[in-house]
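Structure, as structure tokens:
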Amino acid sequence: MSQFSFVEATDWQCAACNQPLEATKVQVTYLKSAFHVELMTCPKCGFTLIPEDLAVGKMLEVEQLLEDK
Amino acid sequence: MNQIQLRELESKCIQEEYPFCSAACPIHVDVRAFMASLAKGDTRGARRVLDRTMPFPEILGRICDQPCRSQCKRVEIDAPLAIGRLEQFCVGATNTVIKLPKLPSKGGKFAILGAGLSGMTAALDLSRKGRPATIFTSSASPGGSLQQLEESILPGKVFAHAQEMLAHYGVEIQTSINMNQENITALVHEYDAVYCDLDDLDQSLLPFAPNTVDAITLATDQAGCFAGGGKTAEGSFSPVYQAEQGRRAALSIERFIQNVSMTAQREKEGACATRMYTSIEGIAPTAEITPGDEPAGYTAEEAKNEAGRCIQCECLECVKQCVYLQEYKEYPKPWIRKIFNSQTIVQGTRAANKMINACSLCGQCSVICPNDFPVAEVCRSSRVDLVETGHMPPSPHEFALEDMEFSLSDYCALVRHQPGTTRSSYVFYPGCQLSGSNPEAVKQTYAFLRDTLGGGVGLLLGCCGIPAHWAGRDQLFAETMEAFTKDVERLGNPTVITACTSCLSVFKEFVPNMNTVSLWNILDKVDLPTQTTKPARALTLHDPCTTREQSELRASVRSLCEKLKIEVVEHDFTGETTDCCGYGGLMQYANRKLGEKAVARKAERSELDGLAYCAMCRDNLAAHGRPVAHLLDYLFATTEDDPLSRTNPGYSRRHENRARLKSDLLANLWQEETIERPAHTAIKIQLNAEVEQLLNNRLILLEDLQKVIHHAENSGSYLLNPNNGHRLAKYRPIRVTYWVKYEPIEEGFLVHNGYSHRMILPEDQK
């Protein structure tokens, strides 16, 4: 997951900033690990979008792997 | 768990013990595998099994005296397998399939005096091990007394074949030797060790004092001189015993040369006892198949059918019933080895974590196991170990522990004397799950107990702490138990009446001095309510797994059913062998799919609709789609609808029910107000049944949705889809980030979806 991009076109916009989301390199962490991934975020406030399929798919898989380390 | 404990536990599991036939076989031929191959029509596969263990299959396969036959489990059903006849068929129909390897020479020189089957076997085994052996016999060719057998039983070609085999492994055979005293003495001195085959030597010429042969090692009073073969202890001539003696001698000679213990670990050489257990329940009797043409022996078809009668003896009694062991494709011996390896790993993946956390700790397997293998104890202590070493993964138990925390919080927990009194002879303890599942039953049961029992009946709402115990959180569990004990003390130590059998099992084990009694025992002793109802049809009774050791309680439930005139049909897995519904041990949280399999197993034990007296059993069986009522539904007519049709309330409703039960009871009985719940709980949420089910499976509570929407609407921080006006918001209360897709409606919000993750996003990293 460390070098992956999960960027995809989305209709979601940041309501607070009235901005379309943009592909951004961010760091997500869990337990003692950090991953650099590309996700859609609001360019102004940084609100990060995690789509459902990512949360219940790859992300869950990595969480489970890390929990057994 | 250390190595010694591991071995002790491993030895309780007997699945790897010899089946009865192999144990009785002096050379432990894998008869079970032999039969399995023949039953498939794989005669070469069967021959492979013989080649692997038998020294001379061409000989032994034809004349084996089959001591295994009398031990065949089929003896108890109908007739034992015709093992000898099947061996004859196999060696008659095949040639050698595998030749065992010959190890490089390790030196030394060894003499075999006498060329009977034991001498030939000793020579063969020694040569295979790289110990050059020479056979000396006064006869013109090897075979000893076997040569006297008729050609129809043992054709001459088999001796030629045996000689070829011996030559292949480098055995030298010296025939027509004058075996006089002088020559024998010379051989004993010349060779590093000798073996005397008593089947093919003049007994007056033996180079050692008779009667000094050690039964275990075959050593004699002459160092380096071994002897065996001849007649068995019972005085008969047994070919397979001959082979075993030769094999035993070769092993002794190898140990003698290496100068290691001659006796250590030889218990399983030769015919031995086995601890194997095999159930013959449900196995239909079948007649032994006799060959149509007796002298010619079996045809291929006959052999296949006779071998097909083998029941493939093994134990697996626990695995047959347990969905958990089936899921992980293990029986306890390799299972515990996996756990041990996972627990002792220094770095890398703890591969057994999921397995450790998925067991329901229900103890059914231990009751079924002939040796009471303690799967549940091993799992629970492994969980404690994971917690104490900081390796317990957060996700399997966190939801259940937070649910427990909520049940124990001021929103749900309550300790009171009966309204208008200041002392309690009894206190009713419904438990967290009944309060969540069926608050109306709690209210009515409490009213009944107040009316029926004298001396004041207090009320204690809370959680016994069993989720913490199951999760291996021993400290949290101890704290919970201590707080509970103090609550009971504060009420003046009344007798605690529990509606939940899990609570009762916990109290009996951890606060044995406290007066506790099951609600069912109490109800069985008093006059029943007047407004009871009963189902229109017969039901099957589902005992909860925590009643496994509570026979008195189970009897009270049956007695109550009788008084209520409920027709109960017992199925085979009630009482001591009852199944868990998937909640036990927090199985359904650690492995949801496995929890579903567990409840499916429980439901499918009977085709009838069910009657439960554990709220979790009731709700899980209902979620599985099986009509099921709770016994209290009939005692107190808690619902106007058919109790069998009540659906599973799910986690969210159970959560809300507990809080509402407290506020209702406080208001109605004690005229008190409950502490106010947080602002987010005022948010009105609508969602369809499909979304509700999805969120339930994802362990997302209504209150989690409320927290997210409350946060989003107050901060204005959410995503918006301009095409349809849907909003997508997230919030991380503690360790989980919840996402909710919703839209505002006239009254509150309509939720379309929800999901969660544990990874921390940049904006939540502090």
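Please list, short to long, the whole-number percent of alpha-carbon pairs of the stretch B:394-677 in consecutive 10 angstrom bins beginning at zero.
P(r) for the stretch B:394-677, in whole percents per bin: 7, 30, 39, 21, 3.
Contour minus end-to-end for B:Met1 and B:Ala79, with contour as 0.36 nm per residue of separation and end-to-end as the Cα-Cα distance?
Additional length available on full extension: 23.6 nm.
Counting other Cβ atoms within 10 Å of each Cβ, which trypsin sites (Lys or Arg not before Pro) in the stretch B:641-725 have at most 12 and sit in a DSSP loop?
Passing sites in the stretch B:641-725 are B:Lys684.
Antiparallel as a % of all DSSP beta bridges within chain B, to the nearest 5?
In chain B, DSSP labels about 35 percent of beta bridges as antiparallel.
For B:Thr530 and B:Lys329, what is the calculated FRET efficiency with R₀ set at 56 Å and r taken between the beta-carbons, to the nearest 0.05?
0.55
Give me Rg/Rg_expected for the stretch B:317-393, where Rg uses Cα atoms only and Rg_expected = 2.2 N^0.38 Å with N residues.
Taking the Cα Rg and dividing by 2.2 N^0.38 Å, one obtains 1.07.
Using 0.36 nm times the number of residues separating B:Asn95 and B:Leu149, minus their current alpha carbon distance, what extension gain do you get?
Result for the pair: 17.3 nm of gain on full extension.
I need to check one value: relative contact order of chain B, counting alpha carbon pairs closer than 8 Å and at least 6 residues apart, in percent.
10
Averaging sequence separations of C-alpha pairs under 8 Å and six or more residues apart, then dividing by the length of the stretch B:317-393, give the relative contact order as a whole percent.
Numbers: 71 pairs, mean separation 22.9, N = 77.
Computed over the stretch B:317-393, the figure is 30 percent.
Relative contact order for chain A: what is it in percent, counting Cα pairs under 8 Å that are at least 6 residues apart?
Reported as a whole number, the value is 30 percent.
For the stretch B:82-218, what are the per-bin percents of Cα-Cα distances with bins 5 Å wide, up to the bin holding the maximum?
It works out to 2, 9, 17, 21, 19, 15, 10, 5, 2, 0, in whole percents.
Please work out the Kirkwood hydrodynamic radius for the stretch B:412-457, using every pair of different C-alpha atoms, and report it in angstroms with one decimal place.
Radius from the Kirkwood sum: 11.1 Å.
What is the distance, in nm, between label points placed 7 Å from the Cα along the Cα-to-Cβ direction at B:Ser204 and at B:Glu288?
Once both label points are built, they end up 4.3 nm from each other.
Can you classify the stretch B:679-764 as rounded, prolate or oblate using the Cα gyration tensor, where a ≥ b ≥ c are the square roots of its eigenvalues, rounded means a/c under 1.5, and otherwise it's prolate if a/b beats b/c and oblate if not?
Because its axes are fairly even, with a/c under 1.5, the stretch B:679-764 counts as rounded.
Quick check for you: with a 1.4 Å probe and neighbouring chains kept, what is the accessible area per residue of the stretch B:317-393, in Å²? Walk me through the numbers before you get to the answer.
On the way: 3100 Å² over 77 residues.
Normalised by residue count, the accessible surface of the stretch B:317-393 is 40 Å².
Report for the stretch B:394-677 the percent antiparallel among DSSP-assigned beta bridges with both residues inside it, nearest 5. Working shown, then result.
Numbers: 3 of 21 bridges.
If I count the DSSP bridges inside the stretch B:394-677, around 15 percent turn out antiparallel.
In cubic angstrom, how much convex hull volume per residue do the alpha carbon atoms of the stretch A:13-67 span?
Spelled out: Cα convex hull of the stretch A:13-67, divided by residues, is 82 Å³.
Once the other residues with Cβ under 14 Å from the Cβ of B:Pro396 are scored (Lys, Arg +1; Asp, Glu -1), what is the net sum?
Numbers: positive: B:Arg350, B:Lys354, B:Arg380, B:Arg383, B:Arg473, B:Arg592, B:Lys593, B:Arg735, B:Arg758; negative: A:Glu63, A:Glu67, A:Asp68, B:Glu398, B:Glu402, B:Asp403.
Once positives and negatives cancel, what remains is +3.
What percentages, rounded to whole numbers, describe P(r) for chain B computed over all alpha carbon pairs with 10 Å bin width beginning at zero?
Bins of 10 Å from zero give 2, 12, 17, 16, 14, 10, 10, 9, 6, 3, 1, 0 percent of pairs.
Quick one: dipole size for the protein assembly as shown, taken about the Cα centre, charges +1 on Lys/Arg Cβ and -1 on Asp/Glu Cβ, in debye to the nearest 20.
With only Lys, Arg, Asp and Glu charged at Cβ, the dipole is about 1200 debye.
So which of B:Lys354/B:Lys766; A:Lys32/B:Lys320; B:Lys40/B:Lys329; B:Lys12/B:Lys508; A:Lys25/A:Lys69; B:Lys12/B:Lys109 end up more than 32 Å apart by C-alpha?
With Cα atoms farther than 32 Å apart: A:Lys32/B:Lys320; B:Lys12/B:Lys109.
Once you charge only the Cβ atoms, +1 for Lys and Arg and -1 for Asp and Glu, what is the size of the charge dipole of the stretch B:110-258 about its Cα centre, to the nearest 20 debye?
380
Distance in nm between label sites at B:Ala233 and B:Ser261, each 7 Å beyond Cα in the beta-carbon direction?
Placing both labels 7 Å along Cα→Cβ, they lie 2.1 nm apart.
Given R₀ = 35 Å, FRET efficiency for A:Thr29-B:Ala689 by Cβ-Cβ distance, to 0.05?
Rounded to the nearest 0.05, the efficiency is 0.45.
Rounded, prolate or oblate: which fits the stretch B:267-311, taking a ≥ b ≥ c as square roots of the Cα gyration tensor eigenvalues, rounded meaning a/c under 1.5, else prolate when a/b beats b/c?
Working: a/c = 3.64, a/b = 1.55, b/c = 2.35.
Since a/c reaches 1.5 but b/c is at least a/b, the shape of the stretch B:267-311 is classed as oblate.
Considering the Cα trace of the protein assembly as shown, what is its radius of gyration and what is Dmax, both in angstroms?
That works out to 36.8, 116 Å for Rg and Dmax.
Give me the dipole magnitude in Debye, nearest 20, for chain A about the Cα centre, with unit charges on the beta carbon: positive for Lys and Arg, negative for Asp and Glu. Mind dumping the intermediate values first?
Details: 5 positive and 10 negative charges, 71 e Å.
Computed charge dipole of chain A: roughly 340 debye.
Can you pull the semi-axes for the stretch B:420-531, root of five times each eigenvalue of the Cα gyration tensor, sorted largest first, whole Å? Walk me through the numbers on the way to the answer.
Values: eigenvalues 115, 50, 29 Å².
Semi-axes from the Cα gyration tensor: 24, 16, 12 Å.
Quick check on chain B: helices-only [θ] at 222 nm, where DSSP H runs of length 4 and up contribute -39,500 (n - 2.57) each and the sum goes over total residues. Nearest 500, please.
My calculation for chain B gives -12500 deg cm²/dmol from helical runs alone.
When the Cα centres of the stretch B:158-182 and the stretch B:336-365 are compared, how far apart do they sit, in Å?
Here the answer is 55 Å between Cα centres.
Would you mind telling me the share, in percent, of accessible area of the protein assembly as shown contributed by carbon and sulfur at probe 1.4 angstrom?
About 48 percent, which is the carbon plus sulfur part of the accessible surface.
The values are calculated or read from the model by the stated rules, or taken from the named source; none is laboratory data. All values reported here derive from a predicted model rather than from experimental measurement. Virtual Cβ from ideal backbone geometry, glycine too; neighbours counted across all protein chains shown. Ligands, DNA and RNA are stripped out before the accessible areas are found, and what is left, the full protein with its side chains, is counted by its heavy atoms. Shrake-Rupley method; radii C 1.70, N 1.55, O 1.52, S 1.80 Å.
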